[in-house]
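Structure first, then comments.
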Amino acid sequence: MQNNQQIVVKVPATTANLGPGFDCLGMALNLYNEIHMSLAPSTTIIVEGQGADNISTDESNIVWQAARRVYEKLALPMPQISLKLVNQIPTSRGLGSSAAAIVGGLVAANQLAGNQLSQEELLALATEMEGHPDNVAPALLGGIVISVVAEGKVHYLRLEPPEDLSTVVAIPDFELSTRAAREVLPQLVSLQEAIFNLSRTALMVGALCQKRLDLLTVAAQDVLHQPYRAPLVPGLVQVIEAAQRAGALGVMLSGAGPTVIALTGNCQEEVAAVMEKTFLESGVKCHTKILKPIVDGAVVL
Ligand code: HSE
């Protein structure tokens, strides 16, 4: 079951962890990559926009790899495909660019192959490729997603983002690979640290469900990953404090960083200006964007 259509998939950026929810919470944001995929006489890959200079255009390309996983799963030979990637999500900044590539490739190839895999099967494949579900789940499903991998299956719960929740992202002008940002983490944590994050993760989920934005400042606190990653992101602590003083609700590293994300109400402009200025005081140039949490994940256009 194959077709000759040009498939176009739009897939959102995501912010993972939401502070304390390491590897289990994530939220989709209104910044997108587009994947154009069709059958072709020979495989070609073109990248436009973010990552155009460094994303591979051979079969090591993540979108191509994801497409191959779909065909493997369906026990079909991988066809020659033409791929055009039009990227808005900056690479290696903590905004889910690799999750978007994986999810986009899976969804597009599934559509090209006759739409035979379910969302659950796509989510399982995406999680296997990414290694953790917190970016791929909201990239696929939209909204805010709690995801847990148990006995090889991804169990998830999707929440609608509160309507008056907005965000400001401060995106530094340097890349940080997730691998490097995970290598600095300790293998063991104390009971006290575990309790610190458990309590805030529970509060974060409850606050988002009940639209208690006033609780987000405490709910966003973390001791499991941010303190260890702070040396990799000069100015992190100061930017978090300054954004909070400017009226942000909760401020945290976005995923593995180096982007810092502030959850806000209506003070986005002030928070953005303060984040940019404070990063600069630590010698880090960044640009800021105001992004909205969104309800839709990857969609076939
Ligand atoms: N939960 C992951 C981390 C997200 O913080 O390492 C990065 O992809």
For region 1-104, dividing by residue count, accessible area per residue (probe 1.4 Å) in Å² works out to 39 Å²
Debye intensity ratio in log₁₀ form over the Cα atoms of region 161-253, taken at each q of 0.15, 0.20, 0.23 Å⁻¹:
-0.69, -1.13, -1.29
Region 219-281 - percent of accessible surface contributed by carbon and sulfur, probe 1.4 Å
55 percent
Order the following by accessible area, largest value first: Y71, Y32. Probe radius 1.4 Å; ligands, DNA and RNA are ignored.
Y32, Y71
Could you compute Rg(Cα) / (2.2 N^0.38 Å) for the chain, with N its residue count?
0.98
Membrane-span-like helices in the chain: DSSP H runs reaching 15 Å or more (Cα, own axis), mean Kyte hydropathy at least 1.0?
97-112, 191-209
Give the separation of the Cα centroids, region 1-52 to region 187-225, in Å.
29 Å
Of all accessible surface on region 77-185 at a 1.4 Å probe, what whole percent is carbon and sulfur?
47 percent
Report the Cα centroid-to-centroid distance between region 120-159 and region 237-262 in angstrom, as an integer.
25 Å
What whole-number value in Å² describes the accessible area per residue of region 117-210 for a 1.4 Å probe?
50 Å²
In terms of the Cα gyration tensor, with a ≥ b ≥ c the square roots of its eigenvalues, is region 58-147 rounded because a/c is under 1.5, prolate because a/b exceeds b/c, or oblate?
oblate
For a Förster distance of 45 Å, can you work out the FRET efficiency between the beta-carbons of V218 and L39, rounded to the nearest 0.05?
0.30
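The values are calculated or read from the model by the stated rules, or taken from the named source; none is laboratory data. Quick caveat: nothing in here was measured; it's all calculated off a predicted structure. Please note: Cβ atoms are built from the backbone with ideal geometry, for glycine as well, and neighbour counts cover all protein chains shown. Ligands, DNA and RNA are stripped out before the accessible areas are found, and what is left, the full protein with its side chains, is counted by its heavy atoms. Shrake-Rupley method; radii C 1.70, N 1.55, O 1.52, S 1.80 Å.
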